[in-house]
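Working notes, beginning with the structure itself.
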Amino acid sequence: MQIFLLLFSLIFILGCNSGVTPAPITTTTTTTSTSTSTSSTSLTSTSLGTSTSTTSSSTSTTTTTTSTTTTTIGCYIGAYVNGLSNTNSFEALIDKNLAINMWYIDWNTNFPTANCNLVKSYGNAPMIVWEPFINTTNTLEAIDNGNYDVYIAQFAQDAKTWGDLVYLRFGHEMNGNWYPWDGANNGGALGPAKYILAWKHIHDIFTANNATNVKWVWSVNQASWPNEAWNTFDAYYPGTNYVDYIGIDGYNWAQGSWQTFDEIFSTAYNSLNSYNKPLMIAEFSSATDETYSKADWITNAFSEIKSNYPLVKAVIWFNEKKERDWRIQSSANTTTAFKNAVSDSYFSGDKPLN
C-alpha cells in the first residue's frame, strides 16, 4: 500500500506539471494516519506558474484527510539589467528578487557556465538570448547545413553538465528585418521555412545530448516587419514539440505616437495564445516623453498584465539606456512606479524550477 500511494502521488504530480496550459500555484497536502506507526514522503515541484507540494503518510491506512489551498501567482518578474553585476542594485531598487535574469550572447561564446552560476547565486533562473551573429550571408542555411554542429553540440553538452534550469531564446524577433537570422534577410518568403529548419536542427542536437534542463523560448516581435503575407507568426512556428514557452517582444518607442501596453501586445497575445503554451513578455519597456508619463505607462502595463493577460507567466523588463532610455531609473517617478507595481503579490520573484 505504501508503494502504491507513493506511485500514485508521483504520477499525479508529473501529470500536473506536464500540461502546457498555465495554471495557478496549487498546494495540496494529503495526510493519512492510523493509531500505529507511519512513514511519510514529501514531493515538491514548481513550474512556470504551477507549484505542487504533496505530503503523504501511510501505514495499513484506516483514515485519510485531505486539505487543498490554492494561491494564484500570475507571472514571474524578470529583467535584463545590462550586466549581471547590476543585479543586486536593480533588485534593491524594486525591493524584490528577480525570478529570471536575462542576458545576450553571440555564437563566439561558449555556454556561459560562470554567468549561470552567478545568476543562480542571486536566486534567479538564467535566460540566455542566443544570437547567431556568424560570418555568413546565409545564416539559417549555414546552421541547417551543419556548419556549426560542433559548436552547438558542445554548447548543449556544457548546458547539460551545468544541470540546472536555463531558458534559451534562440534567434528572437525572427519576424523583423534587423537581424541576420530573420526571414527578411534569409530569402524573404523563403525565410520562415529556413528558420524552422535551423531551429529544429539545433533543438535536435540538444535532444541528442540529453540537455533536458534547457527550456526553449520561441520569441517573436509583437509586429512583423515587413508586414507581408509570408511574414506571419505562424510561418515561423517550429511546432509544439520544439517549443516550451512563447515570448513576445515589444516597446513603447514614443516616436510619433504613444502606445499603451495593450496597444502594443494585445494583437500578438490573442494570436499566440492558441498554441496552448505558457507565454512570456520576453522584452518590454517604455521610452520617456515630454507629453506623456512613463510612470503612468508602467503602472498601467502591470495592471493590464494582471487583469487581461492571464496566460502571461513571466515578464522581462529591458533596463538599458540604448536607442531610448528604457531604464526604470530614467526618473524617480518611474523607479517608484515600477517598485509599486511589482510589489503586488501577483508578481513573483521566486525562482522557477522548470
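Please find, within the range 188-206, the residue that is nearest to the chain's Cα centre (by Cα) out of those that are open to solvent by 50 Å² or more (accessible area, probe 1.4 Å) and not charged (D, E, K, R).
In this case the residue turns out to be 197.
Just checking, how many residues over the range 155-178 are under 16 Å from residue 130 (Cβ atoms), of a type in the set (Phe, Trp, Tyr) and open to solvent by 10 Å² or more (accessible area, probe 1.4 Å)? Even if it seems obvious, please write down each step before you answer.
Here is the first cut: in the range 155-178, the residues under 16 Å from residue 130 (Cβ atoms) are 155-160, 162, 165-174.
Restricting the remaining residues to those that are of a type in the set (Phe, Trp, Tyr) gives 155, 162, 167, 170.
Subset that is open to solvent by 10 Å² or more (accessible area, probe 1.4 Å): 162.
The number of residues fulfilling the criteria is 1.
Which one of 238, 226 is more than 24 Å from residue 306 (Cα to Cα), assigned to a loop (DSSP other than H, G, I, E, B) and open to solvent by less than 20 Å² (accessible area, probe 1.4 Å)?
238
Working only within the range 279-308, note down all residues that are part of a loop (DSSP other than H, G, I, E, B) and out of contact with any helix residue (DSSP H, G or I) (no Cβ under 6 Å at 6 or more places or on another chain).
Scanning the range 279-308 gives 287, 289, 290, 291, 292, 293.
So which residues in the range 241-263 are farther than 29 Å from residue 200 by Cα and either open to solvent by less than 30 Å² (accessible area, probe 1.4 Å) or not aromatic (Phe, Trp, Tyr) (or both), if there are any at all? First the steps, then the outcome.
Going residue by residue through the range 241-263, those that are farther than 29 Å from residue 200 by Cα are 252-263.
Within the range 241-263, 252, 254, 255, 256, 257, 259, 260, 261, 262, 263 qualify.
Could you list all residues from the range 140-154 that are free of Cβ contacts under 8 Å to residues at least 12 places away in the same chain and either open to solvent by less than 20 Å² (accessible area, probe 1.4 Å) or within 21 Å of the chain's Cα centre (by Cα) (or both)?
Of everything in the range 140-154, just one residue is free of Cβ contacts under 8 Å to residues at least 12 places away in the same chain and either open to solvent by less than 20 Å² (accessible area, probe 1.4 Å) or within 21 Å of the chain's Cα centre (by Cα) (or both), namely 142.
Scanning the range 88-124 for residues that are more than 19 Å from residue 353 (Cβ to Cβ) and in contact with a Lys or Arg (Cβ under 6 Å, 6 or more places away or on another chain), which turns out least open to solvent (accessible area, probe 1.4 Å)?
The selected residue is 94.
Note down all Cβ pairs under 8 Å where the first residue falls in the range 85-109 and is in contact (Cβ under 8 Å) with a residue 60 or more places away in the chain, the second is surrounded by fewer than 20 Cβ atoms within 10 Å (Cβ to Cβ) and acidic (Asp, Glu), and they're at least six residues apart or on different chains.
These pairs meet every condition: 97/350; 99/350.
The values are calculated or read from the model by the stated rules, or taken from the named source; none is laboratory data. Everything quoted here is computed from the prediction, not taken from an experiment. Positions of Cβ are backbone-derived with ideal geometry, glycine not excepted, and every protein chain shown enters the neighbour counts. The protein model used for the area step is the full one, side chains on, heavy atoms only, and it has no ligands, DNA or RNA in it. Shrake-Rupley method; radii C 1.70, N 1.55, O 1.52, S 1.80 Å.
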